[in-house]
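Chemist: My questions all concern the structure below.
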Ligand code: GLN
């Protein structure tokens, strides 16, 4: 699907009725996610404090450095607000370090364990065309940067894409987790999927539109 294909259906970006999607802005490439969300009609909101979670209908946890992001979450007391956000029905898109942060050994939001830097030093950065379940027949250009893969999954975790025999995109309920950087290729389908998950979520979605 070309960039912006969802746009005609969406309210004007930044308008009062646009869906507010938070981007955890502790560290990493949150600005690129915000730009992609704006392009598909969402109103991106940088989130750094517990109070800011109350204003968003969905959350992106970007790539960056998972240890740094985890420390920032602890420092800023964001773990509980993030858990409450998910418990209230709101979805998260976690990309690369954002996937790691959501796993069982970090925030414990998804029944997966991610393995950091799994593709090895010689493959610090590469791109691949991936078929991602739920995104239609066209493959997605995926940018991997010192990427994790999913080492183990619990029951109920859906595999959406794999590479070299390892899951690199999964969905566990409201958690949509990918090992690559969708914000660096001009394909907003995962961000659109996050918005669709938020639209399907109960109550607080309406609050976040006010
Ligand atoms: N290797 C990083 C980490 O372990 C993740 C890299 C990324 O987000 N691009 O945190």
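Chemist: Considering only the range 162-178, state which residues are surrounded by 22 or more Cβ atoms within 10 Å (Cβ to Cβ) and more than 26 Å from residue 84 (Cβ to Cβ).
Modeler: Of everything in the range 162-178, those that are surrounded by 22 or more Cβ atoms within 10 Å (Cβ to Cβ) and more than 26 Å from residue 84 (Cβ to Cβ) turn out to be 167, 168.
Chemist: Right, residue 41: at pLDDT below 95, more than 16 Å from the ligand (Cβ to nearest atom) and either within 16 Å of the chain's Cα centre (by Cα) or within 23 Å of residue 181 (Cα to Cα) (or both) or not?
Modeler: no
Chemist: State yes or no: is residue 151 touching a residue at least 40 places away in the same chain (Cβ under 8 Å) and either over 27 Å from residue 35 (Cβ atoms) or surrounded by 21 or more Cβ atoms within 10 Å (Cβ to Cβ) (or both)?
Modeler: no
Chemist: Same structure, new question: Here are some conditions: (1) modelled with pLDDT under 95; (2) within 16 Å of the ligand (Cβ to nearest atom). Residue 51 meets all but one. Which one does it not meet?
Modeler: (2)
Chemist: How many residues does the range 103-118 hold that are free of Cβ contacts under 8 Å to residues at least 40 places away in the same chain and within 9 Å of the ligand (Cβ to nearest atom)?
Modeler: 1
Chemist: Something else: Condition first: out of contact with any helix residue (DSSP H, G or I) (no Cβ under 7 Å at 6 or more places or on another chain), in contact (Cβ under 8 Å) with a residue 60 or more places away in the chain and within 15 Å of the ligand (Cβ to nearest atom). Now tell me which residues in the range 67-102 satisfy that.
Modeler: 96, 98, 99, 102
Chemist: If you don't mind, another one. Checking residue 29 against (1) over 14 Å from residue 194 (Cα atoms); (2) modelled with pLDDT of 95 or more; (3) in contact with a helix residue (DSSP H, G or I) (Cβ under 9 Å, 6 or more places away or on another chain); (4) within 16 Å of the ligand (Cβ to nearest atom): exactly one of these is not met. Which one?
Modeler: Every condition holds for residue 29 apart from (2).
The values are calculated or read from the model by the stated rules, or taken from the named source; none is laboratory data. Note that the structure is predicted; figures quoted are calculated from it, not measured. Glycine also receives a Cβ, built like all others from the backbone with ideal geometry; neighbour counts cover every protein chain displayed.
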